[in-house]
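Input: a single structure, listed below in structure tokens.
The values are calculated or read from the model by the stated rules, or taken from the named source; none is laboratory data. This structure is a prediction, so every number in the text was calculated from the model and none was measured. Every residue, glycine among them, receives a Cβ derived from its backbone with ideal geometry; neighbour counts consider all protein chains shown.
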Amino acid sequence: MNTVFQKPETLTDVQMHYCPGCTHGIIHRLVAEAIDSLGVREQTVGVASVGCSVFAYDYFNCDMQQAAHGRAPAVATGIKRVLPESIVFTYQGDGDLASIGMAEIVHAAARGENITVIFVNNAIYGMTSGQMAPTSLLGQKTATSPRGRTVEEMGYPIKVCELLATLDGPAYLTRVSTHDSRHVLQAGKAIKKAFEIQQQKKGFALVEVLSTCSVNWGMTPVNALKWMEENMVPYYPLGVYRDVTAKEGN
Ligand SMILES: Cc1ncc(C[n+]2csc(CCOP(=O)(O)OP(=O)(O)O)c2C)c(N)n1
């Protein structure tokens with residue numbers, strides 16, 4: 001019998017702790033598949049951030065380092081500069097990357113650090129039970145915006161890909177989604193490309209992956225996917241915001 005589907009080598013056997021309907025697990029798998037397919041597991045170092053994915057070091061079967069909240073791009077910068085032949089990625093939520101870690105990511109992108117950033121945008125602080133994130137949508141009810149986010153009180157949600165695209169440093173910026181299987185496949189391709197960019201020493205690559213948080217959104221897993229498609233995708237348009245390889249015709 002042929003094996004047609006199996007766990008990627010870059011995932012351990014540890015059972016993930018994610019809530020039903022959360023797409024962190026799918027995104028872990030896509031990252032692991034990309035590392036497997038490029039054959040770089042032995043030289044890869046992942047940087048786990050703080051948030052629901054804090055235990056990523058238990059789930060990825062490669063070298064992992066834990067960073068303080070928001071500081072993953074700085075930790076990744078250090079690892080990559082000391083070990084330039086390694087493949088270094090960060091895995092960060094939107095609270096981690098776009099709130100406490102905003103300065104870190106902007107400067108790593110501006111420096112054009114040759115690292116891969118997986119940015120999981122679920123529009124909320126998941127781990128700490130649903131406070132408003134910089135990416136929470138207008139009108140979105142969270143623990144700290146119980147009547148819904150308003151421009152008057154909280155300002156506008158931050159579009160990270162668009163913001164980083166104002167810098168000259170990044171080599172690859174793209175936004176993908178996990179709301180259905182077609183988009184999950186596209187997300188996998190983007191994540192693989194973000195690792196290839198690093199392999200080719202082209203510089204900073206970030207993939208923003210729209211993700212669910214059904215428990216803190218107060219929805220069933222199915223409704224959370226639908227809400228993501230109907231509300232997050234229109235505000236956070238999917239697509240490529242920078243691709244230096246496009247100019248080269250690759
Ligand atoms: C210095 C510091 N401040 C605050 C916290 C509390 N904290 C832990 S996770 C988190 C937010 C995580 O949200 P996000 O990055 O969106 O990831 P998610 O859990 O949604 O995947 C916060 C504020 C902390 N651990 N350390």
### Query
TYR235 passes all but one of (1) surrounded by fewer than 22 Cβ atoms within 10 Å (Cβ to Cβ); (2) over 24 Å from ALA143 (Cβ atoms); (3) in contact (Cβ under 8 Å) with a residue 12 or more places away in the chain; which number fails?
(2)
### Query
Is it true that some residue in region 116-138 is away from the ligand (no atom under 15 Å from the Cβ), within 17 Å of the chain's Cα centre (by Cα) and in contact (Cβ under 8 Å) with a residue 24 or more places away in the chain?
yes
#### Entry: Selected residue (criterion: surrounded by the most Cβ atoms within 10 Å (Cβ to Cβ)) from residues of region 139-155 that are outside any loop (DSSP other than H, G, I, E, B) and touching a residue at least 12 places away in the same chain (Cβ under 8 Å)
THR142
### Query
Can you name every residue in region 156-169 that is over 17 Å from SER211 (Cβ atoms) and in a loop (DSSP other than H, G, I, E, B)?
TYR156, ALA165, THR166, LEU167, ASP168, GLY169
### Message
Kindly evaluate GLU208 against the criterion of being on the phi < 0 side of the Ramachandran plot, modelled with pLDDT of 95 or more and not in a helix (DSSP H, G or I).
### Response
yes
### Query
Inside region 1-83, counting only helices (runs of 4 or more DSSP H) that do not spill past its ends, which hold 1 or more residues that are touching a strand residue (DSSP E or B) at 6+ places or on another chain (Cβ under 6 Å) and farther than 25 Å from ARG111 by Cα?
24-38, 56-59
### Message
Can you confirm whether VAL82 is closer than 26 Å to ASP13 by Cβ and either away from the ligand (no atom under 15 Å from the Cβ) or buried (at least 22 other Cβ atoms within 10 Å of the Cβ) (or both)?
### Response
no
